[in-house]
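Engineer: Encoded as structure tokens, here's the structure I'll be asking about.
The values are calculated or read from the model by the stated rules, or taken from the named source; none is laboratory data. What you see is a predicted model; the values in this text were computed from it and never measured. Because the Cβ atoms are built from the backbone with ideal geometry, glycine has one as well, and the counts that use them run over all protein chains shown.
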Amino acid sequence: MTSADAAAIFEKIALLMELKGENPFKIRAYRSGAEIVESYAGDIMKMAEANELSGIKGLGEALRDKLHELATTGHLSFYENLKSEFPDGIFELFEIQGLGPKGIKQIYAELGVGSTAELKSAIEDGLVAKLAGFGEKKAAKILEGIAFREAHASEFRLEQVMPVVEQVLEILRAHPGVSRAEVCGSYRRGKETVHDLDFLVATKHPENVIEGFVSMPMVIQVIAKGSTKASVHVAQGLQCDLRAVASSEFPFALNYFTGSKEHNVAMRQRALSRGWTLNEYALSQIEGREGTAIPEIEDEPDLYRALGLDWPEPELRENTGEIEAAEKGQLPYLIKLENLRGVFHNHTTASDGKATLAEMAEAAQELGFQYLGIADHSKSSFQANGLDATRLRRQIETIRELNQTFGSDFRIFAGSEVDILKDGSLDFDDDLLAELDYVVASVHSVFNLPEAEMTQRIIRAIENPHVTMLGHLTGRLLAQRPSYAVNIPTVIDAAAETGTLIELNASPWRLDMDWRWWKLAKERGVKCSINPDAHSVHGLKDVVFGIRSARKGWLTREDVVNCLTLDEVTTLIAKKRLKS
Ligand code: DGT
Ligand code: CA
Ligand code: CA
Ligand code: ZN
């Protein structure tokens, strides 16, 4: 049981207690407990096992005992009992857009609906529309949410799969028969979601390794098991494939199983034009054809070199120009996590965040950042406890005071994530915006406008000289909610013209603007800000997901403003409004 697993159980307890209408304080204790467990810097599970949790702030006795039980037995009887009071499908309902905990509670209590399938037929039978507070329109909206969720049920977000990847690689690498182990496929290529995970090992004893793989603790079902490959389902229904090859075959298999399919096709054609064949095991001479001699290949870069190419980072391998760039020695030098010097767009307890301003500042410094941009919600986002003008002015003041306590090497920027209203006007007037160091403008409501109107709405917002950057451009939630209709190239052009930055929202739920658009943005001269949109101390680390997507979008440190030093970035965020 990892700390992430334990945190997920606390989170589920909170959901179920909500359905039962239990004491909100108790519910909150589980929520914040989940947060503490997940973000704790040390090995909290080991401490729980040894009953050494008493020093941890915010973990009461009840939660400490439960964590101890989880750490020692892998189970929690309290949770098992609670869960048994509900149908198995109850958690599915929390993944449907347009339906909140209150609504779930109501349909469960009044209609006995406890799964997506039951909800679907209840809506189709007209039962949901008749419930108090629902109606035809809301019921139809929920049905759309179900359809989207079903269509994307086989997609997994990075925050779901990353811990699995790390655990599986650790197990494979610890196996005495394994000389090399890598994750391949869409995960290695940095895709925003993946369908399954593809692992590859080099070994002389494939049977032993396969045996170890199918008996990993997280395996819930073995789908297939052969002498050199196997497929299993792990906890959340996610499939993991394993291939075992000989050490000499490893570079070819690594390349093949990393893909993409389209990149592989281009590679194979290049090999053919040299009189060679390329597959997942080898590069070999075509029989009967006088090809050039094949150089020795020990690693992936050797393979690319043999084909006259520089080594493209896996994120670039979508056959969208990387082969041509690799041929000309023009591959981009992709941004790295350690290039980030600070982050914009983060929330605190003033709106819907879980950590205070001071806690966020401390965490940012611990991560080695030189600056932290705060951008709490504005007043129209009342569901997120958005700040009104008075509260925002008070926050600006607090930030200025806090900044006095830091040396010259760290600073908090006072900002706001200001709502773009339906007509493209902003939630605060210009006088107030001018008092801020920077402004993120985002759409949080009225998602159903026609494309032209939505595009105009966003453009009007970014034409405001105080708007430093555009937040989560499409509003999508990966595998859960589609983007609203918006013409992205037109918005990119407007951003270029007005000198507005575009956010790459690093939350694994968003990764928005999508990596497929960054090449265009870069061509037009639009700069990127990688924003964790952190709602907790832990959330700051979401920049790792943003970096993956930025790399996939061909971005270098020159393209991303939060690679700038504190002085440089201070100048940059003031530039747009000075110009006007
Ligand atoms: P996904 O759908 O997120 O799992 O995406 P991938 O890219 O991981 O796809 P997957 O797991 O089906 O296959 C892993 C890699 O194996 C893929 O990126 C390229 C390679 N591959 C699979 N099938 C083919 C094929 O039919 N032709 C070629 N050239 N390569 C293939
Ligand atoms: Ca895959
Ligand atoms: Ca696969
Ligand atoms: Zn937002």
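Engineer: When the range 368-409 is examined, which residues are found to be touching an Asp or Glu at 6+ places or on another chain (Cβ under 8 Å), within 14 Å of ligand 4 (Cβ to nearest atom) and under 17 Å from A355 (Cα atoms)?
Structural biologist: Within the range 368-409, G373, A375, D376, H377, A384, N385, G386, L387 meet the criteria.
Engineer: A further question on this structure: Applying the selection to the range 232-276, what residues are of a type in the set (D, E, K, R) and farther than 16 Å from L169 by Cβ?
Structural biologist: Looking only at the range 232-276, we keep the residues that are of a type in the set (D, E, K, R), and these are 241, 243, 249, 261-262, 268, 270, 274.
Those that are of a type in the set (D, E, K, R) and farther than 16 Å from L169 by Cβ: E249, K261, E262, R268, R270, R274.
Engineer: Out of K522, K541, I need the residue that is assigned to a helix (DSSP H, G or I) and either among the polar types (S, T, N, Q) or in contact with a helix residue (DSSP H, G or I) (Cβ under 6 Å, 6 or more places away or on another chain) (or both). Which one? Quick ask: steps written out before the conclusion?
Structural biologist: Details: K541 fails: either among the polar types (S, T, N, Q) or in contact with a helix residue (DSSP H, G or I) (Cβ under 6 Å, 6 or more places away or on another chain) (or both).
Every option except K522 fails the conditions.
Engineer: Looking at the structure I just gave you, is E211 away from ligand 2 (no atom under 13 Å from the Cβ) and either on the phi > 0 side of the Ramachandran plot or free of Cβ contacts under 8 Å to residues at least 12 places away in the same chain (or both)?
Structural biologist: Judged against the criteria, E211 is a match.
Engineer: Now for a different question. Suppose we keep only residues that are more than 13 Å from ligand 1 (Cβ to nearest atom) and in contact (Cβ under 8 Å) with a residue 24 or more places away in the chain within the range 177-199. Which one would you say is farthest from S260 (Cα to Cα)?
Structural biologist: Among those residues, the one meeting the criterion is G177.
Engineer: Restricting to helices (runs of 4 or more DSSP H) lying wholly in the range 5-119: which have 1 or more residues that are farther than 29 Å from K137 by Cβ?
Structural biologist: Where helices (runs of 4 or more DSSP H) fall fully within the range 5-119 and carry at least 1 residues being farther than 29 Å from K137 by Cβ, they are 24-39, 44-49, 61-73, 77-84.
Engineer: Right, A202: out of contact with any Pro (no Cβ under 6 Å at 6 or more places or on another chain) and over 20 Å from H175 (Cα atoms) or not?
Structural biologist: no
Engineer: Let me ask something else about it. Identify, from the list S529, S507, the residue that is crowded, with 20+ Cβ neighbours inside 10 Å and touching a Phe, Trp or Tyr at 6+ places or on another chain (Cβ under 6 Å).
Structural biologist: Criteria check complete, one pass: S529.
Engineer: Another question, if that's okay. When the residues of the range 561-579 are filtered to those that are in a helix (DSSP H, G or I) and polar (S, T, N, Q), which remaining residue is farthest from Y371 (Cα to Cα)?
Structural biologist: T571
Engineer: Is it the case that F252 is more than 16 Å from ligand 4 (Cβ to nearest atom) and surrounded by 22 or more Cβ atoms within 10 Å (Cβ to Cβ)? First the steps, then the outcome.
Structural biologist: Numbers: more than 16 Å from ligand 4 (Cβ to nearest atom): yes; surrounded by 22 or more Cβ atoms within 10 Å (Cβ to Cβ): no.
In short, no.
Engineer: List every residue pair whose Cβ atoms sit under 8 Å apart, with the two residues 6 or more apart in sequence or on different chains, where the first one lies in the range 86-98 and is farther than 18 Å from F148 by Cβ and the second, anywhere, is part of a loop (DSSP other than H, G, I, E, B).
Structural biologist: Filtered contacts from the range 86-98: F86/G114; P87/G114; P87/S115; D88/G114; D88/S115; I90/G114; I90/S115.
Engineer: If you don't mind, there's one more thing I want to ask. For the range 258-335, which helices (runs of 4 or more DSSP H) that fit wholly inside it have 3 or more residues that are within 16 Å of ligand 2 (Cβ to nearest atom)?
Structural biologist: On the way: elements: 261-273, 300-306, 322-327.
The qualifying helices (runs of 4 or more DSSP H) are 261-273.
Engineer: Name the pairs whose Cβ atoms lie under 6 Å apart, with the first residue in the range 501-516 and more than 21 Å from Y438 (Cα to Cα), the second outside any strand (DSSP E or B) and among the basic types (K, R), and 6 or more positions between them or separate chains?
Structural biologist: The qualifying pairs are W515/K552.
Engineer: For the range 413-426, check the following and say yes or no: at least one residue is among the β-branched types (V, I, T) and closer than 28 Å to G553 by Cβ.
Structural biologist: Yes; the residues of the range 413-426 include at least one that is among the β-branched types (V, I, T) and closer than 28 Å to G553 by Cβ.
Engineer: Anything in the range 396-418 that is charged (D, E, K, R) and assigned to a strand (DSSP E or B)? List them, or say none.
Structural biologist: Within the range 396-418, R411, E417 meet the criteria.
Engineer: So which of A122, A109 ends up being at pLDDT below 95 and not assigned by TED's automatic domain parsing to the domain that holds L238?
Structural biologist: Just a single option satisfies the conditions, and that option is A109.
Engineer: Further question: Residues of the range 342-394 being of a type outside the set (A, V, I, L, M, F, W, C), closer than 16 Å to N562 by Cβ and assigned to a loop (DSSP other than H, G, I, E, B), which ones?
Structural biologist: H345, G368, Q370
Engineer: Can you pull out every residue in the range 13-30 that is closer than 20 Å to K354 by Cβ, surrounded by 18 or more Cβ atoms within 10 Å (Cβ to Cβ) and not small (G, A, S)?
Structural biologist: The answer is I13, L15, M17, E18, I27, Y30.
Engineer: Tally time: how many residues in the range 454-491 are surrounded by fewer than 22 Cβ atoms within 10 Å (Cβ to Cβ) and assigned to a helix (DSSP H, G or I)?
Structural biologist: The number of residues fulfilling the criteria is 8.
Engineer: Then there's this: Determine which member of the set A140, A129, A151 is aliphatic (A, V, I, L, M) and within 28 Å of the chain's Cα centre (by Cα).
Structural biologist: Details: A140 fails: within 28 Å of the chain's Cα centre (by Cα); A129 fails: within 28 Å of the chain's Cα centre (by Cα).
Step by step, each of A140, A129, A151 is checked, and only A151 is aliphatic (A, V, I, L, M) and within 28 Å of the chain's Cα centre (by Cα).
Engineer: Further question on the same structure: Would you mind telling me which numbered condition in (1) in contact with a Ser or Thr (Cβ under 6 Å, 6 or more places away or on another chain); (2) buried (at least 19 other Cβ atoms within 10 Å of the Cβ); (3) within 22 Å of E298 (Cβ to Cβ) S284 fails?
Structural biologist: Here S284 meets the rest and fails (2).
Engineer: Here's another thing I want to ask about it. Return the pair list, or none, for Cβ contacts closer than 8 Å from residues in the range 384-410 that are within 14 Å of I374 (Cα to Cα) and free of Cβ contacts under 8 Å to residues at least 40 places away in the same chain to residues that are in a loop (DSSP other than H, G, I, E, B) and of a type in the set (S, T, N, Q), at least 6 apart or on different chains.
Structural biologist: L387/S351
Engineer: Looking at L76, L63, L59 in this structure, which one is under 20 Å from T2 (Cα atoms), touching a Gly at 6+ places or on another chain (Cβ under 8 Å) and in contact (Cβ under 8 Å) with a residue 40 or more places away in the chain?
Structural biologist: After applying the criteria, what remains is L63.
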